[in-house]
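Undergrad: Here it is: the structure, laid out below.
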Amino acid sequence: MQSAVCPGSFDPLHNGHVEIIARASNLFDEVIVAVSPNMHKAPMFSVEERMEMAQETFSYVRGVTVKPLGEGLLTEFCRAHGANAVVKGLRDARDLAYETPMATMNRHLSGLETVYLPADGRYTHLSSTLIKEVHRLGGDVSEHVPRAVQRRLADRRHES
């Protein structure tokens, strides 16, 4: 069985993520969405909330599961879950420049390969950071995020 991991903070999950993960599910028997705590960013949602939104979003996609990545190395997570590859979406050359050193290190550490999928042009402008910023400033991001995320963002807006 060919298994891949799609790691990320997914804070929040947006349609660019969904598109890459759905395409990966057509290439691999199993795709594990590994939700990272991402120590370098102040999260809008807890890991548990992000996992719930991802589980709801991918409940209809065959072979996709959602798990917490935890604090360790991605290579160790992949080994523990029997994953053969990492899948990363690329929006542009900057993403490639950012991802390539990590992919090379993962391969050197464990032989783990990284598969890059180019983002659909409809989503190349999306980032979780941009989604959060537009939402915080009162903008409507509903066409850019799955329904599970729309609901959580609306709840957050009403709590403020």
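The values are calculated or read from the model by the stated rules, or taken from the named source; none is laboratory data. Keep in mind it's a predicted model, so treat the numbers as computed, not measured. No Cβ is skipped: glycine too gets one built from the backbone with ideal geometry, and neighbour counts run over all protein chains shown. Surface accessibility is based on the protein's heavy atoms, side chains included, excluding ligands, DNA and RNA. Shrake-Rupley method; radii C 1.70, N 1.55, O 1.52, S 1.80 Å.
Undergrad: Of all accessible surface on the chain at a 1.4 Å probe, what whole percent is carbon and sulfur?
TA: 54 percent
Undergrad: Between D140 and Y98, how high is the FRET efficiency from 1/(1 + (r/R0)^6) when r is the Cβ-Cβ distance and R₀ = 25 Å? Nearest 0.05.
TA: Calculated transfer efficiency: 0.30.
Undergrad: Charges on Cβ only, +1 for Lys and Arg, -1 for Asp and Glu, centred on the Cα centroid of the chain; of H17, L74, S59, which one is farthest towards the dipole's positive end?
TA: Of the candidates, H17 comes out farthest on the positive side.
Undergrad: Please report, in cubic angstrom per residue, the volume enclosed by the convex hull of the alpha-carbon atoms of region 1-57.
TA: Dividing the Cα hull volume of region 1-57 by its residue count gives 79 Å³.
Undergrad: I'd like the FRET efficiency for R107 and Q2, computed as 1/(1 + (r/R0)^6) with the beta carbon distance as r and R0 of 22 Å, rounded to 0.05.
TA: Efficiency for this residue pair is about 0.80.
Undergrad: Okay, moving on. What does the convex hull of the alpha-carbon atoms of region 81-123 project to on average, in nm²?
TA: With the hull built on Cα positions only, its mean projection is 3.4 nm².
Undergrad: Could I ask something else about it? Grab the Cα-Cα distance for S127 and H40, subtract it from 0.36 nm times how many residues apart they are, and report the gain in nm with one decimal.
TA: Between S127 and H40, full extension yields an extra 29.8 nm.
Undergrad: If you don't mind, there's one more thing I want to ask. Keeping all protein chains in place, calculate the accessible area per residue for region 1-82 (probe 1.4 angstrom), answer in Å².
TA: Accessible surface, normalised per residue, equals 46 Å².
Undergrad: Could I ask something else about it? Can you tell me, using C-alpha contacts under 8 Å and at least 6 residues apart, the relative contact order of the chain as a whole percent?
TA: 30 percent
Undergrad: Using +1 on the beta carbon of Lys and Arg, -1 on that of Asp and Glu, and nothing else charged, what's the dipole of region 7-160 about the Cα centre, debye to 20?
TA: 120 debye
Undergrad: So, R0 is 35 Å and r is the distance between the beta-carbons of R79 and R156; what FRET efficiency does that work out to, to 0.05?
TA: Given R0 = 35 Å and the Cβ-Cβ separation, E is 0.45.
Undergrad: Using alpha carbons only, how many degrees (0 to 90, rounded to 10) separate the axis of helix 47-58 from the longest principal axis of the chain?
TA: 80 degrees
Undergrad: For the chain, report the translational diffusion coefficient in µm²/s to the nearest whole number, using Stokes-Einstein at 20 °C, 1.002 mPa s, and a Kirkwood Rh over Cα pairs.
TA: In µm²/s, the coefficient is 134.
Undergrad: Sticking with this structure for a sec: Compute the angle between helix 15-27 and the longest alpha-carbon principal axis of the chain, please, reported from 0 to 90 degrees and rounded to the nearest 10.
TA: Helix 15-27 and the main axis of the chain meet at about 30 degrees.
Undergrad: In whole Å, what are the extents of region 37-105 along the principal axes defined by its C-alpha atoms, from largest to smallest?
TA: 32, 30, 25
Undergrad: Most fluctuating residue of S142, S110, S25 in a GNM of the chain with Cα springs under 10 Å: which is it?
TA: Highest fluctuation of the listed residues: S110.
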